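Written below as structure tokens is the structure these notes are about.
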Amino acid sequence: MAIIRAGTEEDLDQLVELSRRFLNASPYSAFTTVSEARVRNMLLGVLEFGGLFVAVEDERIVGAIAGQILTQWYDSTPVAAELGWWVEPELRGRPSAIGLLRAFERWGAEKGAAGVVMSDLLVAGEAPAGELFERLGYEVVERSHFKKL
């Protein structure tokens, strides 16, 4: 069973590799590649100003969630906004995925967020986290679309 804990700078190498697996599984892989320097800088910023949690099993990071507190563009309501969430495929449906999400929700509540905003990545044309979100009380309020220019 994975241990859920706050991420640290010592996790960056494993998190860069995790981000590669995330991108390779996503439709974004047709448009871009992972920049190790960019991922490291983003994660350092999250460590300083946001929330980062990892799932560790046998000293290996098998999942992570990163986000920040933002206000909505139309008012000053703070929300915990997910920047990225990934759990290795073999651990999905196990406590690790929900543990990461719950750690992020608790962090958001501690920071004064009124809610949590999560995105749902399409994998092989399906949105596998959608049913999980619904079971945990999330509602679909927006969808995003991408077009390469």
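The values are calculated or read from the model by the stated rules, or taken from the named source; none is laboratory data. These numbers were taken from a predicted model, which means no experiment stands behind them. Using ideal geometry, Cβ is built from the backbone for each residue, glycine included, and neighbour counts are taken over all protein chains shown.
Numerical summary
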| quantity | calculated |
| --- | --- |
| Criterion: surrounded by 16 or more Cβ atoms within 10 Å (Cβ to Cβ) and β-branched (Val, Ile, Thr) - qualifying residue of VAL117, VAL140 | VAL117 |
| Single match in ALA109, ALA103, ALA66 (criterion: in contact with a Gly (Cβ under 6 Å, 6 or more places away or on another chain) and of a type in the set (A, V, I, L, M, F, W, C)) | ALA66 |
| LEU52 touching an Asp or Glu at 6+ places or on another chain (Cβ under 9 Å), touching a residue at least 24 places away in the same chain (Cβ under 8 Å) and surrounded by 18 or more Cβ atoms within 10 Å (Cβ to Cβ) | yes |
| Among residues of the stretch 22-38, those that are in contact with a helix residue (DSSP H, G or I) (Cβ under 7 Å, 6 or more places away or on another chain) and either of a type in the set (Gly, Ala, Ser) or closer than 18 Å to ASP120 by Cα (or both), counted | 2 |
| Count of the stretch 72-83 residues which are assigned to a loop (DSSP other than H, G, I, E, B) and surrounded by 13 or more Cβ atoms within 10 Å (Cβ to Cβ) | 1 |
| Where GLY112 falls short, out of the listed (1) on the phi < 0 side of the Ramachandran plot; (2) surrounded by fewer than 16 Cβ atoms within 10 Å (Cβ to Cβ); (3) of a type outside the set (Ser, Thr, Tyr) | (1) |
| Of residues in the stretch 111-149 being in a loop (DSSP other than H, G, I, E, B) and charged (D, E, K, R), the one modelled with the highest pLDDT | LYS111 |
